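Structure first, then comments.
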Amino acid sequence: MDEKKGLKDAYALKTPEDSINLYKTWASTYDDDFAKQNDYRSPIEIAKFFAKYSNPEDTPILDVGAGTGLIGECLNLDSKEIDAIDISPEMLNIARLKNCYSKIIEADLTKTLLINDHHYGAIVSAGTFTHGHVGPDVFDELLRVTRSGGLFVFTVHYQLFNKAGFDKKLIEIQKMITKPAFHEVYVYGNNPDKEHGSDKVIITVFRKR
């Protein structure tokens, strides 16, 4: 798949089925023709801020919308259990080959997750809360599966933070979380695309009370 076409298709996604269909054909070349070619920064930034805010008790970790496992590679934490969850089996197959996850979970994040209450000590995510992917309502489930004190470190596309209601969701759940910290970073280090090359994400960090 051509990089620019893939990027445009990713921004055009509307439904979980759209994601399944796109990443079915993109999975095998995603790391090379998207992540490396554009210097996709979000997974690296998530790993950096996770290191800044985390402590040894923040485990196991759930990588939400893990895709091909870019966060798992960047975290590179042998001592912590990291699970990958994504809707695309093809993307997860690539993640599995990297041997940086304890468990691979294929699931639709917009549905109830088959995960026990209070199981995870941390939630990380890059590139999932963006155009046509997953909206803010998923935080009800993510909070359910995270234990008290659990750390959240995730990106939200800056254009959607208010437009898609992430700001309102954080207010809605404010009694369940600590005051969020926000860090604005560029998504790409090398992307000539005129429309999206200078895109930013808001890395949001908080803990479940």
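Length available on full extension from Glu81 to Lys52: 0.36 nm per residue minus the Cα-Cα distance, which gives 8.6 nm. Placing unit charges on the Cβ atoms of the charged side chains and taking the dipole of the chain about its Cα centre, the candidate lying farthest along the positive direction among Met91, Ile104, His118 is His118.
If you restrict to DSSP beta bridges whose two residues both lie in the chain, what percentage is antiparallel, to the nearest 5?
On the way: 15 of 32 bridges.
The antiparallel proportion sits near 45 percent.
Evaluate the Kirkwood expression for the hydrodynamic radius of the stretch 163-208, namely the inverse of the mean inverse distance over all pairs of different C-alpha atoms, and round to one decimal in Å.
On the way: mean 1/r = 0.0806 Å⁻¹.
Roughly 12.4 Å, rounded to one decimal.
In this structure the amide hydrogen of Thr146, modeled in the peptide plane, comes within under 5 Å of the amide hydrogens of His118, His119, Tyr120, none closer than 5 places in sequence on its chain. Evaluated with a Cβ-only charge set (Lys, Arg +1; Asp, Glu -1), the stretch 46-161 carries a dipole of roughly 240 debye about its Cα centre, given to the nearest 20. The angle between the Cα long axis of helix 16-30 and the main principal axis of the chain comes to about 70°, on a 0 to 90 degree scale. Distance between the 7 Å Cα→Cβ label points at His118 and Asp193: 4.2 nm. In terms of other Cβ atoms within 10 Å, Ile104, Ile85 run from fewest to most in the order Ile104, Ile85. Extension gain, Lys168-Lys111: 0.36 nm per intervening residue step, less the Cα-Cα distance, totals 18.5 nm.
If only the Cβ of Lys and Arg carry +1 and only the Cβ of Asp and Glu carry -1, the dipole of the stretch 3-207 around its Cα centre is close to 480 debye. Using a 10 angstrom cutoff on alpha carbons, build the Gaussian network for the chain and name the most mobile of Lys111, Lys36, Lys80. Comparing Lys111, Lys36, Lys80 in the GNM, the peak value goes to Lys111.
Computed FRET efficiency, Cβ-Cβ of Arg209 and Phe182, R0 22 Å: what is it to the nearest 0.05?
Calculated value: 0.75.
Summary value for the chain: 22 percent relative contact order, contacts being C-alpha pairs under 8 angstrom separated by 6+ residues.
What is the helix-to-structure angle for 42-53, meaning the angle in degrees between its Cα long axis and the longest Cα principal axis of the chain, kept from 0 to 90 and rounded to the nearest 10? The angle comes out at about 20 degrees.
A short reminder: the numbers here are calculations on the coordinates, not readings from a lab. This is a predicted model, so every value here is computed, not measured. For neighbour counting, all protein chains shown are included, and Cβ atoms are generated from backbone atoms with ideal geometry for every residue, glycine included.
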